[in-house]
Amino acid sequence: MSDSSPVSSPASARPVLDVWCELQCPDCRTALDDVRALRARYGDRLEVRLRHFPLEKHKHSFAAAQAAEEALEQGKGWEYVEAVLGRVERLDRAGETFLVEVAGELGLDAEEFDTALIDGRHILIVDADQAEGKAIGVMGTPTYVVDGQRLDGGTSQEGLRERVEEIVDRLLADGGA
């Protein structure tokens with residue numbers, strides 16, 4: 001998921017940070033502070049993309065990933081992700097009902113959310129993200145990938161934001177962005 005504007009040419013290319021995440025994961029909620037800080041620091045000089053990696057141990061994570069894609073389609077992808085991650089315990093208890101409720105709270109079309117979860121219109125995006133994650137060695141969430149480097153945040157978030165900043169700063173300096 002990326003709610004950033006498309007890059008117009010290779011000369012204007014900016015670094016990309018893929019955040020492999022699962023919306024029912026307490027560690028991803030913890031990582032949200034780092035993601036917010038990175039988005040604030042770099043603004044539109046860094047493209048931050050949510051990549052879905054639903055884990056089997058969380059029964060609502062696949063539906064939550066689809067819901068995040070619907071939120072993106074309706075123009076509030078990151079706001080939705082933050083709202084859901086902020087209350088993972090509610091998602092654990094209420095499941096899809098909670099996902100639709102959050103959409104309504106954010107002023108999104110909750111009825112369309114419900115329909116999207118039923119008709120599965122975003123399943124292919126979630127499946128593709130998960131397959132790509134597995135192919136590059138993502139084992140858990142959160143995992144960051146920037147400049148081809150995979151940083152595992154599932155074990156510890158300690159020092160990861162600083163490491164991402166080092167890589168992005170180098171890329172921006174090298175690219176003149």
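The values are calculated or read from the model by the stated rules, or taken from the named source; none is laboratory data. This one's a predicted model, so the numbers in the text were calculated from it and none came from an experiment. As a convention, Cβ positions derive from the backbone with ideal geometry for all residues, glycine included, and neighbour counts pool all protein chains shown. When the accessible area is computed, the model is the full protein with side chains, heavy atoms only, and any ligands, DNA or RNA have been set aside. Shrake-Rupley method; radii C 1.70, N 1.55, O 1.52, S 1.80 Å.
Computed across the chain, the Kirkwood hydrodynamic radius from all distinct Cα-Cα pairs reaches 16.5 Å.
Rounded to the nearest Hz, the phi-derived 3J(HN,Hα) couplings of segment 63-80 under the Karplus curve 6.51 cos²θ - 1.76 cosθ + 1.60 (θ = phi - 60°) are 5, 5, 5, 5, 5, 4, 5, 5, 4, 4, 4, 8, x, 9, x, 5, 4, 5, where x marks glycine and proline.
Heavy-atom accessible surface of segment 92-164, averaged per residue, reaches 54 Å², computed with a 1.4 Å probe. Evaluating 6.51 cos²θ - 1.76 cosθ + 1.60 at θ = phi - 60° for every residue in segment 108-125, the Karplus couplings come out as 7, 7, 5, 5, 5, 4, 4, 4, 4, 5, 6, 7, x, 4, 10, 4, 5, 5 Hz, glycine and proline recorded as x. The stretch between Ala37 and Ala131, if pulled fully straight at 0.36 nm per residue, gains 31.0 nm over its current Cα-Cα span.
The phi-based Karplus calculation (6.51 cos²θ - 1.76 cosθ + 1.60; θ = phi - 60°) puts the 3J(HN,Hα) values of segment 161-174 at 4, 4, 5, 4, 4, 4, 5, 5, 4, 5, 4, 5, 5, 5 Hz, whole numbers, x for Gly and Pro.
Calculated mean residue ellipticity, 222 nm, the chain: -16500 deg cm²/dmol, from DSSP H runs (n ≥ 4) at -39500 (n - 2.57) each, averaged per residue and rounded to 500. Seen from all directions on average, segment 76-163 presents a Cα convex hull projection of 7.1 nm². Here segment 36-77 is described by how far its Cα atoms reach on the three principal axes: 35, 23, 12 Å, from widest to narrowest. Counting only Cβ charges, +1 for Lys and Arg and -1 for Asp and Glu, the dipole size of segment 29-132 around its Cα centre is about 560 debye.
When both bridge partners sit in the chain, DSSP labels roughly 55% of those beta bridges antiparallel. Approximating the spin labels as points 7 Å out from Cα along Cα→Cβ, the Thr97-to-Glu166 distance works out to 4.8 nm. As a fraction of the 1.4 Å probe accessible area of the chain, surface on carbon and sulfur atoms comes out at 49 percent. With respect to the chain, whose longest principal axis is taken over its alpha-carbon atoms, helix 96-105 is tilted by about 70°.
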